[in-house]
1. Quick one: would you say residue 95 is surrounded by 19 or more Cβ atoms within 10 Å (Cβ to Cβ), under 18 Å from the mean Cα position of the chain (by Cα) and not in a strand (DSSP E or B)?
2. Out of all the residues in the stretch 76-92, which are surrounded by 16 or more Cβ atoms within 10 Å (Cβ to Cβ), in contact (Cβ under 8 Å) with a residue 60 or more places away in the chain and not in a helix (DSSP H, G or I)?
3. Considering the stretch 130-165 alone, what residues qualify as being closer than 30 Å to residue 219 by Cβ and part of a loop (DSSP other than H, G, I, E, B)?
4. Does residue 174 fit the bill of being in contact (Cβ under 8 Å) with a residue 24 or more places away in the chain, surrounded by 14 or more Cβ atoms within 10 Å (Cβ to Cβ), within 14 Å of residue 10 (Cα to Cα) and out of contact with any helix residue (DSSP H, G or I) (no Cβ under 9 Å at 6 or more places or on another chain)?
5. Is there a residue in the stretch 135-142 that is loosely packed, with under 14 Cβ neighbours inside 10 Å and under 23 Å from residue 85 (Cα atoms)?
C-alpha cells in the first residue's frame, strides 16, 4: 500500500480576518476548514492578548490599559456573507454560541450542537458534520452527544507536534497552532519524511485574528511564509479536515 501525506488547516470563530486569510491561502491552492458559531454571526467584539496568545474576548478593549493588554478586532462575518466568503473551503460547527460544552446539561449540550449543525447546513446547502470544540473542552458525554447528533469528527485544541492520524475521530488533535515557535521545524520534518506504515497528516489550527497582532509569529507575513513553505509539493495532498476522514 502507498501511504500519503495530507496537509490541512482549521480556523475558528468565523471572523472578518478570515477573508484575508482565504485570499492568501487560495493563492497557494491550500484548503482550510472554518469553524463557525451560527448564533453569533455579525457580533463585534475584541480579543486581548499577551505575547502570541489571545486570552480574553471583550466588548470594548478601550476599557483595558493598552500598556498592559494589546487588542485586535474580533468581528464575526454577517450571515449574508457566509456562503460567498467560504466558497471552496469546508465550514464546520463550533457550537451555536461558543459555549464551553463540558459545562452544559444534556439538553443544552444537544441544543448547542444540533442547532449549529442544522443552521449551517441550511445556510450552506450541504451537510455540515465537522466540529471544533469551543475552548477545547470535551469529555465522554460531549463525544457521545457528538456521535448521536451526526457529527463525524471533532478537532481539539491540543497541539501534539506529531503527524499521526487520529485513532478516534472525536479527538482530532492539531499538529500545532499557527503561532507555534517550532512550526517551521515541524514543516521541514513533514516535507522531508516519507510516510511509512500509515498516512500522515499535518494540521495547523488557529484564529485568523492572530495574524493581526503584528508580532513575529502573529502577522500576515508569517502566514505567507507558512504557505510558501508547505505549498507546491507533489507528494502532499492539500485538503479540508473532513477530507482527512474521507480519504479512503
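1. Values: surrounded by 19 or more Cβ atoms within 10 Å (Cβ to Cβ): yes; under 18 Å from the mean Cα position of the chain (by Cα): yes; not in a strand (DSSP E or B): yes.
It is true that residue 95 is surrounded by 19 or more Cβ atoms within 10 Å (Cβ to Cβ), under 18 Å from the mean Cα position of the chain (by Cα) and not in a strand (DSSP E or B).
2. Going through the stretch 76-92, the residues surrounded by 16 or more Cβ atoms within 10 Å (Cβ to Cβ) turn out to be 76-77, 82, 85-86, 89-92.
Adding the requirement that they be in contact (Cβ under 8 Å) with a residue 60 or more places away in the chain leaves 76-77, 82, 85-86, 89-90, 92.
Within the stretch 76-92, 76, 77, 86, 89, 90, 92 qualify.
3. Within the stretch 130-165, 133, 137, 156, 157, 158, 159, 160, 161, 162, 163, 164 meet the criteria.
4. For residue 174, the condition - in contact (Cβ under 8 Å) with a residue 24 or more places away in the chain, surrounded by 14 or more Cβ atoms within 10 Å (Cβ to Cβ), within 14 Å of residue 10 (Cα to Cα) and out of contact with any helix residue (DSSP H, G or I) (no Cβ under 9 Å at 6 or more places or on another chain) - is met.
5. No, the stretch 135-142 contains no residue that is loosely packed, with under 14 Cβ neighbours inside 10 Å and under 23 Å from residue 85 (Cα atoms).
The numbers here are math on the coordinates, done by the rules we state, and not lab data. All values reported here derive from a predicted model rather than from experimental measurement. Quick reminder, even Gly has a Cβ in these numbers, built from the backbone with ideal geometry, and neighbours come from all protein chains shown.
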